[in-house]
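Structure first, commentary second.
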Amino acid sequence: MATYETFASVYDAVMDDSLYDQWTDFSLRHLPKATDKKKLLELACGTGIQSVRFAQAGFDVTGLDLSSDMLKIAEKRAASAKQSIDFLQGNMLDLSQAGQYNFVTCYSDSICYMQDEVEVGDVFKQVYDALEDDGVFIFDVHSTYQTDQVFPGYSYHENADDFAMVWDTYEDEAPHSVVHELTFFIQEADGNFSRHDEVHVERTYDVLTYDILLEQAGFKSFKLYADFEDKEPTKTSARWFFVAQK
């Protein structure tokens, strides 16, 4: 499982900021409208950019992430934005101590980091138990088209004054799975660059599998969309969005 130890320090620099606007807009369109403040848990909150967006939109936000390095950045970001957000270090496979929420989100294909469908189902069950009655769970994943046709052979290079990154993606052995190999060159205090290597494995499944796992977890219904739009997926959609209700 990826730890993002090195990635945390350059994550914001390589992420497309416009994605957070799109995640926020999609969420606001699909979360029930209410005048009172609603409790929202953001799984895999990373460096807290999305958590701050949710807090600014009026939600009572808690962010959970596996990486303490990411959470340190998130806490500073929330403080700078003058937003009161609770950040918890934890694994989405065990939300027993996370509390109860009206809404849970899990974006940036974080579900795809689960090792297999058993773990995905376990996450869904954990989320179901953490939701209040009629609560809403929104998450996105890579489509099978993205993992099977787009990602294999993908390469991305980023160069800045104080770091450089090489990101290559290959097809993995399991169906609809890929391996991201990341190499970072980060400038140290003495001016020299140090090299860091990380490997991130992602896997997705067909829509029917997600459907079955959500139903097994107890969710009574879900709607499926694609690529941040309120439209049904096509054969070439890159990202699937699920909006499930308890």
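The values are calculated or read from the model by the stated rules, or taken from the named source; none is laboratory data. As the structure is a computational prediction, the values presented were derived from the model and not from experiment. Note that each Cβ is placed from the backbone with ideal geometry, even for glycine, and that neighbours are counted across all protein chains shown. Ligands, DNA and RNA are excluded from the accessible area calculation, which covers all protein heavy atoms including side chains. Shrake-Rupley method; radii C 1.70, N 1.55, O 1.52, S 1.80 Å.
Summary table below
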| quantity | calculated |
| --- | --- |
| Check on Y128, open to solvent by 60 Å² or more (accessible area, probe 1.4 Å), of a type in the set (F, W, Y) and under 30 Å from D25 (Cβ atoms) | no |
| Top-ranked residue in segment 185-244 [being assigned to a loop (DSSP other than H, G, I, E, B), acidic (D, E) and closer than 21 Å to T24 by Cβ; ranked as farthest from the chain's Cα centre (by Cα)] | D230 |
| Any hit, segment 32-40, residues being touching a His at 6+ places or on another chain (Cβ under 6 Å) and modelled with pLDDT of 95 or more | no |
| Subset of segment 165-184 (residues that are outside any strand (DSSP E or B) and open to solvent by 50 Å² or more (accessible area, probe 1.4 Å)) | D172, E173, P175, H176 |
| Subset of segment 66-88 [open to solvent by 20 Å² or more (accessible area, probe 1.4 Å) and not in a helix (DSSP H, G or I)] | L66, A81, K82, Q83, S84, I85, D86, F87, L88 |
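Per-residue answers, yes or no, for (1) crowded, with 16+ Cβ neighbours inside 10 Å; (2) assigned to a strand (DSSP E or B); (3) not polar (S, T, N, Q):
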position: F26; (1), (2), (3): yes, no, yes
position: P32; (1), (2), (3): no, no, yes
position: D36; (1), (2), (3): no, no, yes
position: T47; (1), (2), (3): yes, no, no
position: F54; (1), (2), (3): yes, no, yes
position: V61; (1), (2), (3): yes, yes, yes
